[in-house]
Amino acid sequence: MRCMIEVKHTKEHTISWYVGMFFIKKGDLDKTIELVKTMIKKKIQFDLCTYTIVLDEMCKVERLKNVQEVFQNLLIKGYHPNVYTYTIMITL
């Protein structure tokens, strides 16, 4: 998936994106979900692109409860979903 948004390049964003992508590409969504929860607990910030990638992978395997939790967290953190995020959500 290609993210067509501007990303702030901070240490936290880079870590969350690369680690998240490692687990997603390996096909272990359960580990990815645990990673997301751990990163949230440790207050490691995601950027919108990372949220969108995780949502996309969860939607592909129909983890709707997890999708709802991640989407709510995205909104609580003050991110505004873009066209890519909404496209993923409406194609469930």
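The values are calculated or read from the model by the stated rules, or taken from the named source; none is laboratory data. What you are looking at is a predicted structure, and each value in this text was computed from that prediction instead of being measured. Positions of Cβ are generated from backbone atoms using ideal geometry, with glycine treated the same way; all protein chains shown enter the neighbour counts.
The table below lists the values:
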| quantity | calculated |
| --- | --- |
| Tally, over the range 74-88, of residues that are surrounded by fewer than 16 Cβ atoms within 10 Å (Cβ to Cβ) and either under 11 Å from LEU55 (Cβ atoms) or in contact (Cβ under 8 Å) with a residue 40 or more places away in the chain (or both) | 3 |
| Subset tally (residues that are at negative phi, more than 11 Å from the chain's Cα centre (by Cα) and either in a loop (DSSP other than H, G, I, E, B) or aliphatic (A, V, I, L, M) (or both)) for the range 49-92 | 16 |
| Failed item in (1) in a loop (DSSP other than H, G, I, E, B); (2) at pLDDT 70 or above, with THR38 passing the rest | (1) |
| Test: residue in the range 49-61 that is more than 17 Å from MET89 (Cβ to Cβ) and basic (Lys, Arg) | no |
